[in-house]
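The structure appears right after this line, and notes come after that.
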Amino acid sequence: MRRTFVVGCPRSGTTIVQALLARHPAVYTLPETAFFEQLHGDLAWRWGDAGMQPRRRRWRQWLGLTRQHMRATFAALHVQLTGHRPTKPAAVHWRLLSTQFLTLLDQTANAEGRSMWREKTPNHLLYIPEIEALAPDARFVHVVRRGMDVLASLADVYLRFENDDAFGGGTVHWARRWNRAMDIHGQHVGRANHHFVFLEDLVRQPDIEWARLCAFLDLPPDAPLESAPQQSIANLRDEPWKVTAIEGQVREADRKVDGLFGPKMQRWLQNRLASYDDLRAQCRAARPRVTPRARRAFDQRTAGVG
């Protein structure tokens, strides 16, 4: 069973990449679990939010014991994926519980006749060391979008849904987080189990980017894609902002920057945001070339990515 995590700064295009992969007949997917985010916590500290410190560890955490709500969370996920409660109780040690989580996804994907599963939680970008320690064979797909567009999308979705937990904090707050995401992305460029998808490249040249992604994941690129994912991508009741992405159809997004940010804010962002172009150039220099055979395989399979 091949294990894949899709990660990135929120509103970077992780859902569209998740849904696109879910159209492939070999891939099993599921809604965001936030499993490692909930298990290890310290999300704001890991993002580098101003004034945040790691939480005080209690004796249970020093011993590696999980909190009760995490065991309940695992049991609920088991019911969601299999239709029944686990036959064995959830482990009390975080490492064993993590192993149970990976095994649950392995078994569920296998029962569905899929050879790979894909878990997409953007914030798992901050927990890559913990995930790699448990699953050294795991692969990571980093989705990256221009910072100004990410921040405009975050501002837009906050104005429409007013979800403070997911999108609150303001533009300056998210500019710092985007910079933190760029720093983490940069640490993994050139590593064999990490692949980068730049959203603008996926929109402009979907054939090339799809061939690269399939090559990285060892997926047959000539397999006909489903017209839309037949699996559950997201709970739109809780995440209505994902409605335009869950079909897995790649298209140019509306540019919101000029409508939401005035000239002064745009100048501030241009001066403060980490260089997207430098990271993109670094990744382009490190990645392998798409072979003509892979390009031909893409052209021969069912169209519909663009």
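The values are calculated or read from the model by the stated rules, or taken from the named source; none is laboratory data. Computed from a prediction, not measured in an experiment: that's the story for all the values here. Please note: Cβ atoms are built from the backbone with ideal geometry, for glycine as well, and neighbour counts cover all protein chains shown.
Odds and ends about this structure:
- Identity of the residue in the range 202-238, charged (D, E, K, R) and touching a residue at least 60 places away in the same chain (Cβ under 8 Å), that ends up surrounded by the fewest Cβ atoms within 10 Å (Cβ to Cβ): Asp218
- Restricting attention to the range 110-150, the residues that are under 9 Å from the mean Cα position of the chain (by Cα), more than 20 Å from Val203 (Cβ to Cβ) and aliphatic (A, V, I, L, M) total 1.
- Within the range 15-50, being of a type in the set (Asp, Glu) and within 26 Å of Leu97 (Cβ to Cβ) holds for Glu32, Glu37, Asp42.
- Trp178 meets the conditions (1) within 27 Å of Met265 (Cα to Cα); (2) surrounded by fewer than 17 Cβ atoms within 10 Å (Cβ to Cβ) in every case but one. The failed one is (2).
- Annotation: Ile246 fulfils all but one of (1) modelled with pLDDT under 90; (2) surrounded by fewer than 16 Cβ atoms within 10 Å (Cβ to Cβ); the unmet one is (2).
- Within the range 260-286, if we keep just the residues that are within 26 Å of the chain's Cα centre (by Cα) and among the charged types (D, E, K, R), the residue that is modelled with the lowest pLDDT turns out to be Arg284.
- Test for Leu30: is it surrounded by 14 or more Cβ atoms within 10 Å (Cβ to Cβ), closer than 21 Å to Lys242 by Cβ and at pLDDT 95 or above: no
- Lone unmet requirement of (1) assigned to a helix (DSSP H, G or I); (2) under 15 Å from the mean Cα position of the chain (by Cα) for His195: (1)
- Unique match (being over 19 Å from the mean Cα position of the chain (by Cα) and either closer than 13 Å to Thr4 by Cα or part of a helix (DSSP H, G or I) (or both)) among Asp165, Asp183, Asp207, Asp201: Asp207
- So Ala50, is it over 30 Å from Asp254 (Cα atoms), surrounded by fewer than 13 Cβ atoms within 10 Å (Cβ to Cβ) and of a type in the set (A, V, I, L, M, F, W, C): yes
- Scope the range 105-120; condition hydrophobic (A, V, I, L, M, F, W, C) and either surrounded by fewer than 19 Cβ atoms within 10 Å (Cβ to Cβ) or assigned to a loop (DSSP other than H, G, I, E, B) (or both); matching residues: Ala111
- Search result, residues across the range 16-56 that are assigned to a loop (DSSP other than H, G, I, E, B), within 17 Å of the chain's Cα centre (by Cα) and of a type in the set (A, V, I, L, M): Leu30, Ala34
- Condition broken by His173, with the remaining ones in (1) surrounded by 18 or more Cβ atoms within 10 Å (Cβ to Cβ); (2) more than 30 Å from Pro86 (Cα to Cα); (3) at pLDDT 95 or above satisfied: (1)
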